[in-house]
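Asker: One structure is given below, represented as structure tokens, and several questions about it will come after.
Taken together, the values in this text are just the output of simple stated rules run on the coordinates, not laboratory data. Just so we're clear, the structure is a prediction, and the values are computed from it rather than from any experiment. Note: ideal-geometry Cβ built from the backbone for every residue, glycine included; neighbour counts use all protein chains shown.
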Amino acid sequence: MILYTPLPVEAVLEGFDSYTPEYLELDYPGGGKLIVEPLSPTEGRLVRLISSHPDDYLRPELQPGTIISFGPQRGR
């Protein structure tokens, strides 16, 4: 990506390194865990799959970047 701007690079990237996304750890049927970046109270982007079953890594619905739906989080 090329960004054409008269601003110095320091001004463009100011605050970029201080962003820390919040992740949720969700259990899924099958015994694994999903690390999800929330996009809304009921939807998130799958960041990471943690599973001891090799077949889980071949499932297209569990690929990183997939948008998944989940229920509202309790106790948050």
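Asker: Tell me, which longest segment in the chain has none of the GluC sites (Glu not before Pro) that fall in DSSP loops with at most 13 further Cβ atoms within 10 Å?
Answerer: Longest site-free region, per DSSP loop and neighbour criteria: 23-76.
Asker: Now for a separate question. Which chymotrypsin sites (Phe, Trp or Tyr not before Pro) from the chain combine a DSSP loop assignment with at most 15 other Cβ atoms within 10 Å?
Answerer: In loop regions of the chain (DSSP not H, G, I, E or B), the sparsely surrounded chymotrypsin sites (Phe, Trp or Tyr not before Pro) are 4, 19, 23, 70.
Asker: Assign unit charges at the C-beta atoms only (+1 for Lys and Arg, -1 for Asp and Glu), then state the dipole size of the chain relative to its Cα centre in Debye, rounded to the nearest 20.
Answerer: Here the chain has a charge dipole of around 240 debye.
Asker: Sticking with this structure for a sec: Once you have the Cα-Cα distance between residue 28 and residue 68, take 0.36 nm times their residue separation minus that, and quote the gain in nm to one decimal.
Answerer: Stretched fully, the residue 28-residue 68 segment lengthens by 13.3 nm.
Asker: What percent do you get for the relative contact order of the range 21-69 when only Cα pairs under 8 Å and 6+ apart count?
Answerer: Reported relative contact order: 29 percent.
Asker: Once every DSSP H run of n ≥ 4 in the chain is given -39500 (n - 2.57) and the sum is divided by its residues, what mean residue ellipticity at 222 nm do you get, rounded to the nearest 500 deg cm²/dmol?
Answerer: Here the helix-only value at 222 nm equals -500 deg cm²/dmol.
Asker: 7 Å from Cα along Cα→Cβ at both residue 2 and residue 42: what's the point-to-point distance in nm?
Answerer: Once both label points are built, they end up 4.4 nm from each other.
Asker: Can you find, among 63, 1, 12, the residue farthest towards the positive end of the dipole of the chain? Put +1 on the C-beta of Lys and Arg, -1 on that of Asp and Glu.
Answerer: The residue sitting most towards the positive pole is 63.
Asker: When the label point is put 7 Å from the Cα of residue 51 along its Cα-to-beta-carbon vector, which residues of the range 1-33 have a backbone N closer than 17 Å?
Answerer: Only 25-33 fall inside the zone, counting backbone N under 17 Å.
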